[in-house]
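Trainee: There's a structure below that I have some questions on.
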Amino acid sequence: MTRTRWLIAGLWLLAFWLAAALVVAPKLQRDLEAAAHAATRDLPTGYQAPEVRVAGLEATVSGRVRQHAQRAEILATVKEKVRAEGPLGGDLNPIQKVHDALEVVPYPPGWLMIAANGTRGQLLGEAATEYEARDLGTLLGQKWSEKGGYLDNRIKPNPGLYDESLTAQTTTLARLPLPRTDVSGDSAQIQLARIGGDWQRLVLDAKDESLREKVIAMGIEPSDWEKSIQPALQNVRNYQSNQRAIAAEAERQAKLPPPHLFLAARDKRLLVRGEVATLALKRELLNALIDVFPEWRVLDDVRVNAQRRAVADFGPISEALLPSETNEDLRLAGKSLVLGLPGAAWKKVDFEVGGEAQPWKDLLPKDLPPAMLQDDSRMVVEWLQGSAKGIPKLPVRLQPSFITLTLLPDKVILAGQLAEEPARTQIIESARQKYAGRAVVMAESLLARGTCEPSGDLQQTLRSFPDLPEMGSQGVIAFSRPGQAWKSIPASEKLLEPGAVAASGLLPQEFPAAMAEDTFLDGFDHLRHHWKSLTTAPPPAPATQPPESRTGNSKPNTAN
């Protein structure tokens, strides 16, 4: 072969390599990158699909994955399963080396919340898997129960948002807050934590806006705040409010003097005299005496005073309280006197003393002044000594005078009680003048009773009757003491529940709510019927057009 032919062959070979470098190689690289993308785009990463760059026979894989196993699967796929199209590809993978630029970035761990009412609470939150939710619920519940508490596990798995934490037991479990047993009204608590992190207490008295900001700052989704955290927070707040009210009442009760009772027995009669806090406690005591001593006549001389401590844990009532029928001193035979104090057994007291003597003084606790027992002691001693002529009548406490009002668009129901018949007549006549021609005034339940407090000047009450509600409205209820202005609130079905009127703010704070609620019963019946008519009323008929419009013979209105 001549030199010329060698030169021509070399030129052709150079042209071939130039064509391969400029045309075939870039197309092969693009084909390999497309094949790699197709092979890896459906592989799980938790993020966007990985990016593959091919340079020659080497590929570089970049992007983010949640787990190391996902990274290994992507690298193996690029190295073994990528195929190029065309005669140069076939069943072989031209990529000879794969460079790993993938970053393992797990999702954040889940969250936990303890909403505790004292020692009992709910364990709320979301974990990465069912196993993590189950294990955390079991471990946290066991540790909480070691301190006398109980946790209701309500953790839910949410693998789409969270990954498991490796430090849950070393931090979250190790620093679990303890149940609170403080009886002062501060035993409720809300504790919040990211799994693997430390617990943070949410202050129940803080506003929802600041608490929501704190929760979201911890990386918790706003939807979790609305669906789980805020309702649990409100439930614990209600518990705390009740506990504080109970603690405040207990503190108030502790400052009141305890009750006392004298039981004097003679001639098959048992005189009970003293003072307790509530009518229910008095009835319970009298029923117990009647049951234990059916052959004795029980004489009730027990007063009810709300300024006494509401306790009644007197000693057991038994035959030991009765007198002995045989006694060397005939004056003492068949007679006895015992004193009952809360938290102590009944104590026998000497009744052969003067009326001003205090043989029971050393038995009294420090918070019960002897002066509170003096009159009762004098009376029972005189009764046992035979000098008292019967049992003196106790002064009758006057019942409160009050008026209740139920207003419907076409009906007015007056109820309550007044001391004087003229005052009752004035109230009724004033209501009839106020609502004349628009509503029927019903006053059968407004009574005149001589046992009520005097009414005084009624002008403020007569001039302040509330207006009738509009047609289609729910109605109105109102309350007034004689001589005071009416106070009214809109009627609603919630007010029909027991105790709802007392909690509505309609009544004065010290007024016996049950007495007022009873007078609303008749008005509530009328309200129920009125509300039922509102829901069953037919829709209004459409307005009819004038005859001219229906026939089409109307004439235009011409101006002169």
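The values are calculated or read from the model by the stated rules, or taken from the named source; none is laboratory data. Computed from a prediction, not measured in an experiment: that's the story for all the values here. Note: ideal-geometry Cβ built from the backbone for every residue, glycine included; neighbour counts use all protein chains shown. Areas reflect the complete protein model, heavy atoms only, side chains present, ligands, DNA and RNA absent. Shrake-Rupley method; radii C 1.70, N 1.55, O 1.52, S 1.80 Å.
Trainee: If you go through region 188-231 one residue at a time, how many are in contact with a strand residue (DSSP E or B) (Cβ under 8 Å, 6 or more places away or on another chain) and either surrounded by fewer than 17 Cβ atoms within 10 Å (Cβ to Cβ) or closer than 20 Å to Asn153 by Cα (or both)? Spell out the reasoning first.
Mentor: So in region 188-231, the residues in contact with a strand residue (DSSP E or B) (Cβ under 8 Å, 6 or more places away or on another chain) come out as 188-195, 199-202, 204, 211, 214-215, 218-220, 224, 228-229.
Next, only the ones that are either surrounded by fewer than 17 Cβ atoms within 10 Å (Cβ to Cβ) or closer than 20 Å to Asn153 by Cα (or both) stay: 188-195, 199-202, 214, 218-220, 224, 228-229.
Total meeting the criteria: 19.
Trainee: When region 441-465 is examined, which residues are found to be in contact with a Gly (Cβ under 7 Å, 6 or more places away or on another chain), within 24 Å of Val476 (Cα to Cα) and surrounded by fewer than 19 Cβ atoms within 10 Å (Cβ to Cβ)?
Mentor: Residue satisfying the conditions is Gln460 alone.
Trainee: Every residue in region 475-503 that is at pLDDT 90 or above, part of a loop (DSSP other than H, G, I, E, B) and out of contact with any Phe, Trp or Tyr (no Cβ under 7 Å at 6 or more places or on another chain), please.
Mentor: Of everything in region 475-503, those that are at pLDDT 90 or above, part of a loop (DSSP other than H, G, I, E, B) and out of contact with any Phe, Trp or Tyr (no Cβ under 7 Å at 6 or more places or on another chain) turn out to be Gly475, Pro482, Gly483, Gln484, Ala485, Ala491, Ser492.
Trainee: Could you grab the pairs with beta carbons closer than 6 Å, sequence gap of 6+ or different chains, first residue in region 361-373 and open to solvent by 50 Å² or more (accessible area, probe 1.4 Å), second one among the charged types (D, E, K, R)?
Mentor: Leu363/Lys347
Trainee: Would you pick out the residues in region 120-144 that are of a type in the set (Ser, Thr, Tyr) and open to solvent by less than 60 Å² (accessible area, probe 1.4 Å)?
Mentor: Thr129
Trainee: Can you tell me which of (1) at pLDDT 90 or above; (2) in a loop (DSSP other than H, G, I, E, B); (3) open to solvent by 50 Å² or more (accessible area, probe 1.4 Å) is the one Asp313 doesn't meet?
Mentor: Every condition holds for Asp313 apart from (1).
Trainee: Same structure again: Output the number of residues of region 428-459 satisfying the condition of being more than 19 Å from Asp518 (Cα to Cα), modelled with pLDDT of 90 or more and among the small types (Gly, Ala, Ser).
Mentor: Residues in region 428-459 being more than 19 Å from Asp518 (Cα to Cα), modelled with pLDDT of 90 or more and among the small types (Gly, Ala, Ser): 4 in total.
Residue by residue, here is whether (1) within 30 Å of Gly148 (Cα to Cα); (2) of a type in the set (Val, Ile, Thr) holds:
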position	(1), (2)
Thr167	yes, yes
Ala188	yes, no
Gln191	yes, no
Met218	yes, no
Ser228	yes, no
Leu233	yes, no
Arg237	yes, no
Arg252	yes, no
Phe262	no, no
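Trainee: Does Asn287 satisfy the criteria of being closer than 22 Å to Gly343 by Cα, without any contact (Cβ under 8 Å) to a residue 12 or more places away in the chain and not in a strand (DSSP E or B)?
Mentor: Details: closer than 22 Å to Gly343 by Cα: yes; without any contact (Cβ under 8 Å) to a residue 12 or more places away in the chain: yes; not in a strand (DSSP E or B): yes.
Here the answer is yes, as Asn287 does meet what is asked.
Trainee: Exactly one of (1) open to solvent by 20 Å² or more (accessible area, probe 1.4 Å); (2) within 33 Å of the chain's Cα centre (by Cα) is unmet by Ala288. Its number?
Mentor: (2)
Trainee: Mind listing whichever residues of region 329-348 are over 50 Å from the mean Cα position of the chain (by Cα) and under 22 Å from Val276 (Cβ atoms)? Spell out the reasoning first.
Mentor: Initially, region 329-348 is screened for residues over 50 Å from the mean Cα position of the chain (by Cα), giving 329-336.
Ser336, the sole residue that qualifies.
Trainee: Looking at region 160-187, which of its residues are within 19 Å of the chain's Cα centre (by Cα) and open to solvent by less than 40 Å² (accessible area, probe 1.4 Å)?
Mentor: Passing the criteria: Gly185, Ser187.
Trainee: Quickly run through region 403-443 and pick out the residues that are in a helix (DSSP H, G or I) and either closer than 19 Å to His529 by Cβ or of a type in the set (A, V, I, L, M, F, W, C) (or both). Step through it out loud before you land on a result.
Mentor: Our first condition is that a residue be in a helix (DSSP H, G or I); within region 403-443, this holds for 421-434.
Within region 403-443, Ala423, Ile427, Ile428, Ala431 meet the criteria.
Trainee: Is it the case that Pro498 is over 24 Å from the mean Cα position of the chain (by Cα) and over 18 Å from Val412 (Cα atoms)? Reasoning before the result, please.
Mentor: Numbers: over 24 Å from the mean Cα position of the chain (by Cα): no; over 18 Å from Val412 (Cα atoms): yes.
Spelling it out, it is not the case that Pro498 is over 24 Å from the mean Cα position of the chain (by Cα) and over 18 Å from Val412 (Cα atoms).
Trainee: Next up: Out of contact with any strand residue (DSSP E or B) (no Cβ under 6 Å at 6 or more places or on another chain), in contact (Cβ under 8 Å) with a residue 60 or more places away in the chain, of a type in the set (A, V, I, L, M) and open to solvent by less than 30 Å² (accessible area, probe 1.4 Å): is that true of Ala247 in this structure?
Mentor: Details: out of contact with any strand residue (DSSP E or B) (no Cβ under 6 Å at 6 or more places or on another chain): yes; in contact (Cβ under 8 Å) with a residue 60 or more places away in the chain: yes; of a type in the set (A, V, I, L, M): yes; open to solvent by less than 30 Å² (accessible area, probe 1.4 Å): yes.
It is true that Ala247 is out of contact with any strand residue (DSSP E or B) (no Cβ under 6 Å at 6 or more places or on another chain), in contact (Cβ under 8 Å) with a residue 60 or more places away in the chain, of a type in the set (A, V, I, L, M) and open to solvent by less than 30 Å² (accessible area, probe 1.4 Å).
Trainee: Asp300 is checked against (1) assigned to a loop (DSSP other than H, G, I, E, B); (2) open to solvent by 50 Å² or more (accessible area, probe 1.4 Å) and fails just one. What number does that condition carry?
Mentor: Asp300 satisfies every listed condition except (1).
Trainee: State which residue is surrounded by the fewest Cβ atoms within 10 Å (Cβ to Cβ) when the search covers only region 44-66 and only residues that are without any contact (Cβ under 8 Å) to a residue 40 or more places away in the chain and under 52 Å from the mean Cα position of the chain (by Cα). Reasoning before the result, please.
Mentor: Here is the first cut: in region 44-66, the residues without any contact (Cβ under 8 Å) to a residue 40 or more places away in the chain are 44-45, 48-49, 51-53, 55-56.
Retained after the next criterion (residues that are under 52 Å from the mean Cα position of the chain (by Cα)): 44-45, 48-49.
Details: Pro44: 12, Thr45: 20, Gln48: 9, Ala49: 13.
This residue is Gln48.
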